[in-house]
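Q: Structure in structure tokens, see below.
The values are calculated or read from the model by the stated rules, or taken from the named source; none is laboratory data. Because the structure is a prediction, the values reported are computed rather than measured. For neighbour counting, all protein chains shown are included, and Cβ atoms are generated from backbone atoms with ideal geometry for every residue, glycine included. These area figures cover heavy atoms from the full protein model, side chains too; ligands, DNA and RNA do not enter into them. Shrake-Rupley method; radii C 1.70, N 1.55, O 1.52, S 1.80 Å.
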Amino acid sequence: MNEALKAKQYALRKTIITMIYKAKTGHIGGDMSVCDILNVLYNKHMNITPENWESGDHDHFILSKGHSVEALYSVLSDKGFFPKEDLETFSQYKSKYIGHPNNKIKGIEMNSGSLGHGLSVGVGMALAERMNKSGNRVYVVMGDGELGEGSVWEGAMAGGHYKLDNLTAVVDRNRLQISGTTEEVMTQDSQDERWAGFGWNVIHAVGNDIDALDEAFTKAKETKGKPTVIIADTIKGFGVSFIENQVGWHHRVPTEDEYTKAMEELSAKEAAVQ
Ligand SMILES: [Mg+2]
């Protein structure tokens, strides 16, 4: 099942790591962790395409953990929102492909990266789409470190209050943030009770497994009368052995040697699934 999406898993990551290596900046760890969530959303569950983009009549996506924009660029260029060659300008002077999402880029609706804002904006979008009776859905992807922002819980409160079953939040639960494990910095255990307390349906999924994510998003669509949060258990740096689960790779640039090794590893994994 989902063979086409699985075939993309490592190619998308090669685009990410190349972008960061050339620009000498970026957030590899979080990109690799969130990449499969974006792959499944854009290539299976959301009705957002380059063709329907201008109409505004489509599902809506917010990457609230905006520092992982390289993963979003990789997925959007793969889907044809803009040429992949555009990404050669990533983080260069005068390029619009900067280090956080901005709405000058086709495929991106909300500027983000000041953490904690995405869910509340998503609540507003979901309310609007419900008023419009459009059937369009709203997806907000957050980091687990981001849940330390109080504004996330204002959005959670409102989403539950308005019973927004057209809203799905995803927590990229890689258990690391910039300065350590989430449990050291601000514990994120008892997630289920927190979200359920605000009236949300809670689903767990293995967040680097395409089939598991597919199933979770399907269940979220089927849930009526309340919003759904998917706690996606991911591995920060997933796909490259020496980057996985290393807090230091939150915002580190690979050396030439590391870049070569990472690309070899990803290419081998890509070949194995094709
Ligand atoms: Mg994290």
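Q: Once you wrap a convex hull around the alpha carbon atoms of the range 127-274, what is its projected area averaged over all directions, in nm²? Write down the numbers at each step before the final one.
A: On the way: hull surface 41.6 nm².
Computed as one quarter of the Cα hull surface, the answer is 10.4 nm².
Q: For q = 0.10, 0.12, 0.23, 0.24 Å⁻¹, what log10 I(q)/I(0) does the range 173-254 give under the Debye formula with an equal point scatterer on each alpha carbon and no solvent?
A: After summing over all Cα pairs, the log10 values are -0.31, -0.44, -1.09, -1.12.
Q: If I take every Cα pair under 8 Å that is 6 or more residues apart in the range 181-267, average their sequence separation and divide by the length, what percent do I get for the relative contact order? It would help to have the intermediate numbers written out before the result.
A: Working: 79 pairs, mean separation 19.5, N = 87.
For the range 181-267, the relative contact order is 22 percent.
Q: Kindly sort Tyr93, Tyr162 by accessible area of their heavy atoms, largest first, with the probe set to 1.4 Å.
A: Of Tyr93, Tyr162, the descending order of accessible area is Tyr93, Tyr162.
Q: Still on this structure: Expressed as a whole percentage, what fraction of the accessible surface of the range 130-254 belongs to carbon and sulfur atoms when a 1.4 Å probe is rolled over the protein heavy atoms? Please list the in-between numbers first.
A: Values: 2790 of 5310 Å².
Reported share for carbon and sulfur atoms: 53 percent.
Q: Let me ask something additional. Could you give the Stokes-Einstein D for the range 20-142 in µm² per second, using the C-alpha Kirkwood radius, 4 °C, 1.567 mPa s?
A: 88
Q: Provide the per-residue ³J(HN,Hα) series for the range 46-55, in order, calculated from phi with Karplus coefficients 6.51, -1.76, 1.60 and θ = phi - 60°, each as a whole number of Hz, with x at glycine and proline positions.
A: Going residue by residue, I get 9, 8, 9, 9, x, 6, 9, 4, 5, 5 Hz, with x marking Gly and Pro.
Q: Keeping every protein chain present and rolling a 1.4 Å probe, give me the accessible area per residue for the range 180-274 in Å². Write down the numbers at each step before the final one.
A: Values: 4580 Å² over 95 residues.
For the range 180-274, the per-residue accessible area is 48 Å².
Q: Report Rg(Cα)/(2.2 N^0.38 Å) for the chain, keeping two decimals.
A: 0.94
Q: Whole number in Å², please: accessible area per residue of the range 2-62, 1.4 Å probe, ligands, DNA and RNA not counted. Show your work: numbers first, answer last.
A: On the way: 1860 Å² over 61 residues.
Accessible area per residue, the range 2-62: 30 Å².
Q: Follow-up question, since we're still on this one. Let me have the 222 nm mean residue ellipticity of the chain computed from DSSP H runs of 4+ only, each contributing -39500 (n - 2.57), with the sum over all residues rounded to the nearest 500. Provide the component values of the computation, followed by the final result.
A: Numbers: 9 runs with 113 residues, N = 274.
So the helix-based figure for the chain works out to -13000 deg cm²/dmol.
Q: Here's another thing I want to ask about it. Return the aspartates and glutamates within reach of Lys133: Cα separation strictly under 13 angstrom, same-chain partners fewer than 8 residues apart disregarded; answer none if there are no such residues.
A: Filter leaves Asp57, Asp59, Asp165.
Q: Still on this model: Restricting to Cα pairs below 8 Å that are 6+ residues apart, what does the relative contact order work out to for the range 70-142? Please round to a whole percent.
A: Once divided by the residue count of the range 70-142, the mean separation gives 16 percent.
Q: Please report the carbon-and-sulfur percent of the accessible area for the range 1-108; probe 1.4 Å, protein heavy atoms only, DNA, RNA and ligands left out.
A: 50
Q: Label the range 69-214 by shape, choosing from rounded, prolate and oblate, from the square roots a ≥ b ≥ c of the eigenvalues of the Cα gyration tensor; if a/c is under 1.5 it is rounded, and otherwise prolate applies when a/b is larger than b/c, oblate when it is not.
A: Working: a/c = 1.80, a/b = 1.30, b/c = 1.39.
Oblate, since a/c reaches 1.5 and b/c is not below a/b.
Q: Follow-up. Taking loop as defined by DSSP and a crowding limit of 10 other beta carbons within 10 Å, which GluC sites (Glu not before Pro) in the range 20-112 fit?
A: Glu51, Glu54
Q: Looking at this model, which pairs from Lys24/Lys44; Lys14/Lys236; Lys8/Lys44; Lys6/Lys221; Lys24/Lys261 are more than 20 angstrom apart at the alpha-carbon?
A: Lys24/Lys44; Lys6/Lys221
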